[in-house]
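The block underneath contains the structure these notes are about, expressed in structure tokens.
The values are calculated or read from the model by the stated rules, or taken from the named source; none is laboratory data. These numbers were taken from a predicted model, which means no experiment stands behind them. Cβ atoms come from the backbone with ideal geometry, glycine included; neighbour counts cover every protein chain shown. For the accessible areas, the whole protein counts, side chains as well, though only heavy atoms, and no ligand, DNA or RNA atoms are used. Shrake-Rupley method; radii C 1.70, N 1.55, O 1.52, S 1.80 Å.
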Amino acid sequence: MFVPLHDGVPLRFMRTPYITYGLIGASLALQIVLQLSPGQDAELAIMAGFGMIPSVLFGTAQLPEGLAHLPAWATLFSNILLHANIAHLVGNMLFLWVFGDNVEDAMGHARFLAFFFLCGLGGSLFHAGLYPDSQQPLIGASGAISGVIASYLMIYPRVRIWGLAFNWIPIHIPALYALGGWILLQAASALFGADGNVGWWAHLGGLATGAALTPLFVHRSIALFGRKVAHG
């Protein structure tokens, strides 16, 4: 387990990563709504109505009558800003805080916003495709943030990151090792069935989407793995 704390990479193209801050703020606000909901039943209802349920998305199941909900297609996006609990939220937002600003800087505000939700979409669809009959809501920004991690690794593989190994040992290592190890952990967890309540395949879907989209979204002057991107 690796917890990122700081990378020290300055912004090159913008002063403030408004989108990164806005996504963190929106996620925090929605978590407060969940925490203030009157009872566990209300909290579960919000997750069911705004989380992505594969069987509902594919039309093989329906939500209970009277439950407030978005159209099934819209939950592919709304689920990204919901989190199961405070620990889930803090973990995701910490990764977004450390890595999101530099990826936003490399792409620009509008492109980063689109990139973030497309990565989340890719993760959600990958999960839904593998578990089409599932009636468990998928929630969380992990798929979108996995795409951000893939992009950061492509842009800054040699940057040294301060973090905590195993959640308590301070380390200062290159992003290639820290994030590469994190990616291997996601793959191993998905393949060997670790904690069925975590959408591991959504993480991998977001990673793949982020890796595929990064060359199309970054500024022309950005070098990926030391090579400049060729734009048509």
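Can you tell me the length gained on complete extension of the stretch PHE13 to HIS219, counting 0.36 nm per residue apart and subtracting the Cα distance? Net length gain for the segment: 73.2 nm. Model label sites at ILE169 and TRP73, defined 7 Å from Cα along the beta-carbon direction, differ in position by 4.9 nm.
Here the dipole of the range 1-158 is about 480 debye; that uses its Cα centre as origin and unit charges on the Cβ of Lys and Arg (positive) and Asp and Glu (negative).
A helix-only calculation puts the chain at -18500 deg cm²/dmol for mean residue ellipticity at 222 nm, using -39500 (n - 2.57) for each DSSP H run of at least four residues, averaged over all residues. Mean-square fluctuations from a GNM of the chain, with a 10 angstrom spring cutoff on Cα atoms, peak among ALA128, ALA48, ALA84 at ALA84.
Where the convex hull is taken over the Cα atoms of the range 44-102, what is its projected area averaged over directions, in nm²?
Numbers: hull surface 19.3 nm².
One quarter of the hull surface, i.e. the mean projection, equals 4.8 nm².
Once the gyration tensor of the Cα atoms in the chain is diagonalised, the equivalent ellipsoid follows with semi-axes of 30, 19, 18 Å, ordered largest first. Subtracting the Cα-Cα distance of MET1 and SER189 from their residue separation scaled by 0.36 nm leaves 66.5 nm. The length gained on full extension between LEU94 and ALA110, counted as 0.36 nm times the residue separation minus their Cα-Cα distance, comes to 3.6 nm. The residues packed around TRP97, meaning those with a beta-carbon under 13 Å from its beta-carbon, carry a net charge of -3 if Lys and Arg are +1 and Asp and Glu are -1. Report, to the nearest 10°, how far helix 175-191 tilts away from the longest principal axis of the Cα atoms in the chain, using its own Cα long axis and a range of 0 to 90°. The helix 175-191 is inclined about 30 degrees to the chain.
The C-alpha atoms of the chain define a longest principal axis, and helix 86-107 lies at about 40 degrees to it. The residues of the chain have, on average, 50 Å² of accessible surface per residue, using a 1.4 Å probe with all protein chains present.
Loop-only check: which chymotrypsin sites (Phe, Trp or Tyr not before Pro) in the range 75-170 are DSSP coil with at most 14 other Cβ within 10 angstrom? Of the chymotrypsin sites (Phe, Trp or Tyr not before Pro), the ones in loops of the range 75-170 whose Cβ has at most 14 other Cβ atoms within 10 Å are PHE166, TRP168. Scanning the chain for trypsin sites (Lys or Arg not before Pro) that sit in a DSSP loop and have at most 13 other Cβ atoms within 10 Å, the longest stretch containing none of them is 16-157.
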